[in-house]
Amino acid sequence: MKPPRFDYVRPDTVEEALAVLADFGDEAQVIAGGQSLMAMLNLRLAGPRVLVDISRLEALSTCQETGDCLEIGAAVTQADLLDRADLAEAVPLLALALPHVGHAQTRNRGTVCGSLAHGDPSSELPLCLAALEGQVVLRSTRGERRLDAAQFQTGLLSTAREADELIVAARFPLRRAGAGHAFAEVARRHGDFAIVGLAAVAHDGQVRLGVAGIADRPEIREWPFEREDIDAVLNRLAWDLDAADDLHASARYRRDIVRGLGPKVIAEARSCAN
Amino acid sequence: MRELNGAARHRIGFTLNGRAVSGWAEPRLLLTDFLRQELGETGTHVGCEHGICGACTIRIDGRAVRGCLYLAVQADGREVQTVEGLADPDGALNALQRAFRKHHALQCGYCTPGLLMSLTDLFARTPRPSEAQILDVVGGHLCRCTGYAGIMAAAREVAAEP
């Protein structure tokens, strides 16, 4: 199918983009890489009055280490980030997860912040942001605020972004000394939406495990290394997430992935930690 | 700030396979439809129109992207490369196209333009890709004739060429 009719605006500055969002509110839709939004437009699941294209904004095209975070601008593509030679050192979990995000051809256009904005429950980047306790930076003509990952995503395809706010950056915490990371997912085909995705961070005697693809947003649990009843912990987590049957997998299969793949991901993260 | 009315057609220009082209597009017009219907360049195929199948893959500014997830107005001023740009002007096939023919890497041919552009992109960036790198790129395409073995054989041959 083809997109419905909309006006198209390409601001030259972030301030111009914010002014358009202030004017149009929820009748405006921001497009960066458009790898989710264009499909939704083509399927007519989205029908904005005005499309605000931020993909050429220089100010949002940079990626920089600020303090203890890698701050990724809203126009930075997933491929740009993967091309960074120091990514595996700076934010190892992103280096592990990004190859699972869509296909090479969609990563060339899709942005990191766009993935976060879309808020698909099975998607890898919101899972990484939540597992690492990162933040989303939102700006409007009213000012700027930072939301923790857990505050930002509020459910299935929904976030705490206000209609006049632009996501200007995502902040992923830099690797802490001695931390270990691991990522794994089960999908029908590499690059397809994950049926279940798992991210683990091992640090300072604690394990954090994030699960995507079951609840309406990434779910995070944390416990100390010493717990010997890890199978019981994962079994309880699998049931807690209240999995549902759908076209792609049964609830039981999803629980089985958490119970079966969970221990491997945790062991791998722990083996990388020191 | 560029502001385009959704009900009107606007002048769009970019470089296509090395030459300047232009045409008219409403903001909602997909780049694939602009290429095929406005410019008459029908080498780029349209499959699923939601980014899954890969038939419409083209290169923009030296990156393989889905043509169906790209608006014509977004391509304004860009460098676009399509399958029409692969062969020599006299029609002689390039090495990748010859390998596709040799290994029967196309059956119905519908997915072929997209695969050729994705693999062109891979070889431009990584002249000697590994098996895993080839698989990653080919994995972004659907061939409903399921001719993947031939496609992989063709890609491997080009990867091994001196």
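What follows draws every value from the coordinates through simple rules; no lab data is involved. In this text the structure is predicted, and so the values were computed from the model without any measurement. Glycine also receives a Cβ, built like all others from the backbone with ideal geometry; neighbour counts cover every protein chain displayed.
When the helices in chain B are scored as -39500 (n - 2.57) per DSSP H run of 4 or longer and the sum is shared across all residues, what 222 nm value do you end up with, to the nearest 500 deg cm²/dmol? So the calculated ellipticity at 222 nm is -8000 deg cm²/dmol. The orientation-averaged shadow of the Cα convex hull for chain A, equal to a quarter of the hull surface, comes to 14.1 nm². Applying the criteria of a DSSP loop state and at most 11 other Cβ atoms within 10 Å to the trypsin sites (Lys or Arg not before Pro) of region A:207-274 yields A:227.
If R₀ is 30 angstrom, what is the calculated FRET efficiency for the pair residue B:7 and residue B:42, using the beta carbon separation as r and rounding to 0.05?
Working: r = 27 Å, r/R0 = 0.90.
For residue B:7 and residue B:42, the calculated efficiency is 0.65.
Considering only alpha-carbon pairs that sit under 8 angstrom and 6 or more positions apart, the relative contact order computed for region A:132-274 is 22 percent.
Across the options B:50, B:119, A:253, the greatest Cα extent toward the positive end of the charge dipole of the protein assembly as shown (unit charges at beta carbon of Lys, Arg, Asp, Glu) belongs to B:119. With K and R counted +1 and D and E -1, the other residues having a Cβ less than 14 Å from that of residue B:147 yield a net charge of +3. Partner shielding of B:59-71 amounts to 6, given as the average count of beta-carbon atoms from other chains within 10 Å of each residue beta-carbon.
In plain terms, the bigger the Kirkwood radius, the slower the diffusion; for region A:105-154, with that radius from Cα pairs, at 37 °C and 0.692 mPa s, Stokes-Einstein puts D at 282 µm²/s. Convex hull volume of the C-alpha atoms in region B:95-160, normalised per residue: 69 Å³.
Each Lys and Arg contributes +1 and each Asp and Glu -1, all at the Cβ; summed about the Cα centre of region B:95-160, the dipole is approximately 200 debye. Placing +1 on the Cβ of every Lys and Arg and -1 on the Cβ of every Asp and Glu, with no other charges, gives chain A a dipole of roughly 640 debye about its Cα centre. The angle separating the long axis of helix A:14-24 from the principal Cα axis of greatest extent in chain A is about 80 degrees.
One decimal place: the segment residue A:15-residue A:150 gains 45.9 nm when fully extended, by the rule 0.36 nm per residue minus the C-alpha distance. Only helices enter this figure: runs of n ≥ 4 DSSP H residues, each worth -39500 (n - 2.57), summed and divided by the residues of chain A, yield -8500 deg cm²/dmol at 222 nm to the nearest 500. For region A:65-140, the gyration tensor built on C-alpha atoms gives a rounded shape. Its axis ratio a/c (a ≥ b ≥ c) stays under 1.5.
Need one word for region A:1-90: rounded, prolate or oblate. Basis is the Cα gyration tensor (sqrt eigenvalues a ≥ b ≥ c); a/c below 1.5 gives rounded, then a/b vs b/c decides. Oblate.
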